[in-house]
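Notes to accompany the following structure.
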Amino acid sequence: MSKMLNRIRPLVSGIFTKGARVLAKLGFTPNVVTLVGLGLSVVAALLILERLYLGGALAVALSGLVDGFDGALARLTNTQTEFGGVLDSVADRYGDALIMGSAWIGLGLPDVVGLTALVGSLLTSYTRARLEAAGSKSIGSIGLVERPERLVLMSASCLSG
């Protein structure tokens, strides 16, 4: 799936840039967009827990879409900061954990499956961060199931729920 996403990355990047232009004109900051994305993850988790799977799937997809706009907006407006990068990363981990946890409960997954999905989701990002901190130069192609893929899988799981 990563190879497929790499092929459409230029198209997706263009969409995020266009959306970021609109958000900039509306006065949004990257950090506000990050928090909106986290809020959508909370909504998705609540919908999944209420077994409103179609709404949950849509909220998961929308949270993933919004997640792509914060970085594009920061680059477009030249407002990238270390704080913003950390906020985005932490918000993404919370969003992932909320969605995975709610799916674990809401879809009635066996504990071993739910726990493995939750830990795997968090460790994927942690592993990348540790590789970067260790000075790895070739991390661009590392990662089996990165956040966009996880969100697609979560949306699909909700639709099958």
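The values are calculated or read from the model by the stated rules, or taken from the named source; none is laboratory data. Because the structure is a prediction, the values reported are computed rather than measured. All Cβ positions, glycine included, derive from the backbone under ideal geometry; neighbour counts span all protein chains shown.
Within this structure, LEU98 passes the test of being modelled with pLDDT of 90 or more and under 23 Å from GLY39 (Cβ atoms).
Does LEU73 count as surrounded by 18 or more Cβ atoms within 10 Å (Cβ to Cβ) and at pLDDT 95 or above? Write out each step before concluding.
On the way: surrounded by 18 or more Cβ atoms within 10 Å (Cβ to Cβ): yes; at pLDDT 95 or above: yes.
Yes.
Residue under question is VAL32, and the condition is that it be assigned to a helix (DSSP H, G or I), over 15 Å from the mean Cα position of the chain (by Cα) and either over 24 Å from THR124 (Cα atoms) or of a type outside the set (Lys, Arg) (or both); does it hold? So VAL32 passes the test.
For LEU58, indicate whether it is modelled with pLDDT of 95 or more and of a type in the set (A, V, I, L, M, F, W, C). The answer is no for LEU58. Of the listed requirements (1) out of contact with any Gly (no Cβ under 6 Å at 6 or more places or on another chain); (2) within 30 Å of LEU109 (Cα to Cα), SER63 misses just one: (1). In region 35-53, the count of residues that are in contact with a Gly (Cβ under 8 Å, 6 or more places away or on another chain), of a type in the set (Asp, Glu), at pLDDT 90 or above and outside any helix (DSSP H, G or I) is one or more. Here is the figure for region 22-70: residues that are surrounded by fewer than 18 Cβ atoms within 10 Å (Cβ to Cβ) and of a type in the set (Phe, Trp, Tyr) total 1. Just give me the residues in region 81-122 being touching a residue at least 12 places away in the same chain (Cβ under 8 Å) and either in contact with a Lys or Arg (Cβ under 7 Å, 6 or more places away or on another chain) or outside any helix (DSSP H, G or I) (or both), in sequence order. Answer for region 81-122, where residues must be touching a residue at least 12 places away in the same chain (Cβ under 8 Å) and either in contact with a Lys or Arg (Cβ under 7 Å, 6 or more places away or on another chain) or outside any helix (DSSP H, G or I) (or both): ASP92, ASP96, GLY106, LEU107, SER121, LEU122. SER141 fulfils the conditions (1) part of a helix (DSSP H, G or I); (2) modelled with pLDDT under 85 except for a single criterion, (1).
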